Amino acid sequence: MSHGQFYKADELVELIHHNFGGFHPGARAVHANGRIHAGTFTATVEAKSVSRAAHFQGTPIPVTSRFSGGSGDPGASAGGTIAMASRFYLPDGTVTDLIAINLPAFPARIPDDIIGLLSVAQPDPTTGKPDLAKVQAFLADHPAAGRVVQLLQVRPAPVSFAQVSYRPLHAFRFVNAAGEGCWALSLGAGGWQCRSVGRGNVATTARFPIHRARESFAAGSGGIQARPPTRAGGRSGGRPFGVLA
Ligand code: HEM
């Protein structure tokens, strides 16, 4: 959202509240039900060749990750859309955050698109459900959003927070110690490739944090070593860092 579009934020959050049964005091407007786990992130050896970021140098970095469902209702269980918000505690005492979601793409390109989609998805006061004809008309008008929604409908629901790929859905540029930059290109299950624009492709294929985190989370070793969740939705046992509603 650009500076000129900040005024839309209130409208947007208001619509979100309407979609999730109103305002829930003390809860986030979306991703209201989540829990935090503590762990350690250790970057792969390739990471520092493409990035000079402190947490990519291979030193184990303490991390907290909040896993959440997409709903704004704190009482709702996690459904098909789930998220991972991580905070890395860097050696110099500062922190850096990374948010990611399990969607392969986002259904809105500009703020007006998400405002439009949320508006047509408002529950009808008589039925308590969105008017499907309105939603379909909007998606027909916005084919990119339509494709994402279609994809979400045929996708199986995740079995656990540990068994999905979390994607930041953003263009990331890595710069290494020599000042060489490249754009991170997601290869899905194949990890990340560093692609240099204008100077040909860099031959580096590195497995970066998010992907590694998912793998090691499931395997229980390496990457982000999160303690197993103790509440529903994951493996049992262990002690979570905290629980947030
Ligand atoms: C139109 C686009 C979006 C809107 C309007 C939106 C809105 C929001 C809002 C209102 C919150 C709650 C913030 C709070 O109360 O602290 C939130 C949380 C969050 N969003 Fe988004 N979001 C959008 C896109 C995205 C995308 C593309 C991602 C990831 C790729 C993402 C990941 C997250 C995560 C992980 C959280 C939870 C953070 C936490 O656990 O503390 N969001 N979002």
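Since every read-out is calculated from the coordinates, none of them should be taken as a lab result. What you see is a predicted model, and the numbers here were worked out from it, not measured in a lab. Cβ coordinates were reconstructed from backbone atoms using ideal geometry, including for glycine residues, and neighbour counts include every protein chain displayed.
Once fully extended, how much extra length lies between Trp183 and Thr127, figured as 0.36 nm per residue of separation less the alpha-carbon to alpha-carbon distance?
Here the segment from Trp183 to Thr127 would lengthen by 15.5 nm.
For the residue pair Thr40 and Arg109, what label-to-label distance in nm results when each label sits 7 Å from Cα along the Cα-to-beta-carbon direction?
4.5
Determine, for Thr81, Thr94, the number of other Cβ atoms within 10 Å of each Cβ, and report the residues in order from fewest to most.
Result, fewest neighbours first: Thr94, Thr81.
Checking the cross-link filter: which aspartates and glutamates have an alpha carbon closer than 13 Å to that of Lys134, excluding same-chain neighbours under 8 positions apart?
Leaving aside aspartates and glutamates fewer than 8 places away in the same chain, those within reach of Lys134 are Asp124.
Which of the trypsin sites (Lys or Arg not before Pro) found in the stretch 15-120 are loop residues per DSSP with 15 or fewer other Cβ atoms within 10 Å of their Cβ?
Hits after loop and neighbour filter: Arg52, Arg109.
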